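Peer 1: Sending over a structure as structure tokens; questions will come in a sec.
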Amino acid sequence: MAILLLRWAEGTPARLRRETAIAWGFLGPAGLHLTVFTIGPALYAIYLATAANLPALARDPVTWNALRNTALYALYVPVSVALALVAALAVFRYRQHWGGRLLSTAFVLPYVASAVVIALVWQAIYRWGSFGLGRTDWLSNTGSALPALMLISVWAHMGGQMVVFLAGLQAIPPAYLDAARVDGAGAWRGFWRVTVPLLRPVTWFVVLTGVLGALQMFTLVFVLTQGGPSPSHATGVMVHRIYQTAFGQQAFALASALAVVFAVMLLILRWPQLAILRRQVRNA
């Protein structure tokens, strides 16, 4: 390696060597940070996972319950995507009017707000019975706790998804819709025949990123329910289960095994999703 570096230095102009050294000087701190706080802990987690009792992990009912709740929680994504598309169409339709700008601001604000702040606001709403929800503590009820978290997520993430849809709508050439109108297509037919097909790559992107984000949900559970109500663990999800195992039970090897297994599951899930997204972009 040293010989190769010397040969490179001898055969490279001084200016290029200086620019390369400057570039590595800028990249060095970021690379060190990445190694110390990301790559290093990931490798150490894999090492700790080898010491875990994997058969006991496979037989743990709480872990299987967390997996089930994680999958159920991700079902909010199609709802938020559909509402985000409707909101994007409304904002795009009235984009030149002050009402459209006000509407877009109202949708985006929850998305840019802190997840902890959103959780505390909705905790007050649920407990005080605002908006006609009654005086029931929805977060303490086994049957309503997870749907209550899903409702919060729809409200919080719809704005970000709407922004992506707006970008997709603005990228559609108006000539396509004009040609559809010339052919006799109305607004509804033009939407289904022109807008929806051209938005398909954007829709897939929003759905896939939404599902991956939902599978890694942690903040709402940590702030509002701590995985409860107990003992049913009605809102226990995988990331919170990993956290609870590591810092609640001090079982770091088992938590590392959970994290590694869950990361592998996400990678396996992500692979076909990316293939579908590439195909949709290629066919767009």
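The values are calculated or read from the model by the stated rules, or taken from the named source; none is laboratory data. Bear in mind the structure is a predicted one, so any value in this text is a computation, not a measurement. For neighbour counting, all protein chains shown are included, and Cβ atoms are generated from backbone atoms with ideal geometry for every residue, glycine included.
Peer 1: For Thr225, only one of the following conditions fails: (1) under 21 Å from Leu83 (Cβ atoms); (2) of a type in the set (Ser, Thr, Tyr); (3) modelled with pLDDT of 90 or more. What is its number?
Peer 2: The failed condition is (1).
Peer 1: Sticking with this structure for a sec: What number of residues in the range 134-163 are among the small types (Gly, Ala, Ser) and more than 18 Å from the chain's Cα centre (by Cα)? Steps first, answer last, please.
Peer 2: Initially, the range 134-163 is screened for residues among the small types (Gly, Ala, Ser), giving 134, 140, 143-145, 148, 153, 156, 159-160.
Subset that is more than 18 Å from the chain's Cα centre (by Cα): 134, 140, 143-145, 148.
Qualifying residue count, the range 134-163: 6.
Peer 1: Looking at the range 136-150, which of its residues are assigned to a helix (DSSP H, G or I) and surrounded by fewer than 18 Cβ atoms within 10 Å (Cβ to Cβ)?
Peer 2: Going residue by residue through the range 136-150, those that are assigned to a helix (DSSP H, G or I) are 138-140, 145-150.
Result: Ser140, Pro147.
Peer 1: So, one more: Please specify each residue of the range 60-76 satisfying the condition of being more than 16 Å from the chain's Cα centre (by Cα), farther than 18 Å from Gly143 by Cβ and surrounded by fewer than 21 Cβ atoms within 10 Å (Cβ to Cβ).
Peer 2: Hits for the range 60-76 are Asp60, Pro61, Val62, Trp64, Leu67.
Peer 1: Check Tyr243 against each of (1) surrounded by 20 or more Cβ atoms within 10 Å (Cβ to Cβ); (2) more than 13 Å from the chain's Cα centre (by Cα) and name the one condition it does not meet.
Peer 2: Looking at each condition in turn, Tyr243 falls short on (1).
Peer 1: Restricting to the range 59-81, name every residue that is more than 16 Å from Ala214 (Cα to Cα), part of a helix (DSSP H, G or I) and without any contact (Cβ under 8 Å) to a residue 40 or more places away in the chain.
Peer 2: Across the range 59-81, the qualifying residues are Pro61, Trp64.
Condition check ((1) in the same structural domain as Ala71 (by TED's automatic domain parsing); (2) closer than 21 Å to Pro55 by Cα; (3) in contact with a Leu (Cβ under 9 Å, 6 or more places away or on another chain); (4) assigned to a helix (DSSP H, G or I)) across all residues:
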site: Ser232; (1), (2), (3), (4): yes, no, no, no
site: Thr235; (1), (2), (3), (4): yes, no, yes, no
site: Val239; (1), (2), (3), (4): yes, yes, yes, yes
site: Tyr243; (1), (2), (3), (4): yes, yes, no, yes
site: Phe247; (1), (2), (3), (4): yes, no, no, yes
site: Leu254; (1), (2), (3), (4): yes, yes, yes, yes
site: Ala257; (1), (2), (3), (4): yes, yes, yes, yes
site: Leu269; (1), (2), (3), (4): yes, no, yes, yes
site: Leu274; (1), (2), (3), (4): yes, no, yes, yes
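Peer 1: Which of the residues belonging to the range 96-106 are of a type in the set (S, T, N, Q) and surrounded by 11 or more Cβ atoms within 10 Å (Cβ to Cβ)?
Peer 2: If the condition is that a residue be of a type in the set (S, T, N, Q) and surrounded by 11 or more Cβ atoms within 10 Å (Cβ to Cβ), then Ser104, Thr105 are the ones that fit.
Peer 1: Among Leu109, Leu133, which is at pLDDT 90 or above and either surrounded by fewer than 20 Cβ atoms within 10 Å (Cβ to Cβ) or not aromatic (Phe, Trp, Tyr) (or both)?
Peer 2: Sole residue among the options that is at pLDDT 90 or above and either surrounded by fewer than 20 Cβ atoms within 10 Å (Cβ to Cβ) or not aromatic (Phe, Trp, Tyr) (or both): Leu109.
Peer 1: Does the range 168-202 hold any residues that are of a type in the set (Phe, Trp, Tyr) and within 25 Å of Arg278 (Cα to Cα), and which are they?
Peer 2: Tyr176, Phe191, Trp192
Peer 1: Something else now. Out of all the residues in the range 164-182, which are under 23 Å from Ala82 (Cβ atoms) and assigned to a loop (DSSP other than H, G, I, E, B)?
Peer 2: Once the filter is applied, which keeps residues that are under 23 Å from Ala82 (Cβ atoms) and assigned to a loop (DSSP other than H, G, I, E, B), the range 164-182 yields only Ile172.
Every residue, every condition in (1) closer than 20 Å to Ala259 by Cα; (2) in a helix (DSSP H, G or I); (3) over 11 Å from the mean Cα position of the chain (by Cα); (4) not polar (S, T, N, Q), yes or no:
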| residue | (1), (2), (3), (4) |
| --- | --- |
| Gly184 | no, no, yes, yes |
| Arg189 | no, yes, yes, yes |
| Trp192 | no, yes, yes, yes |
| Pro197 | no, yes, yes, yes |
| Trp204 | no, yes, yes, yes |
| Leu208 | no, yes, no, yes |
| Leu212 | yes, yes, no, yes |
| Leu220 | yes, yes, yes, yes |
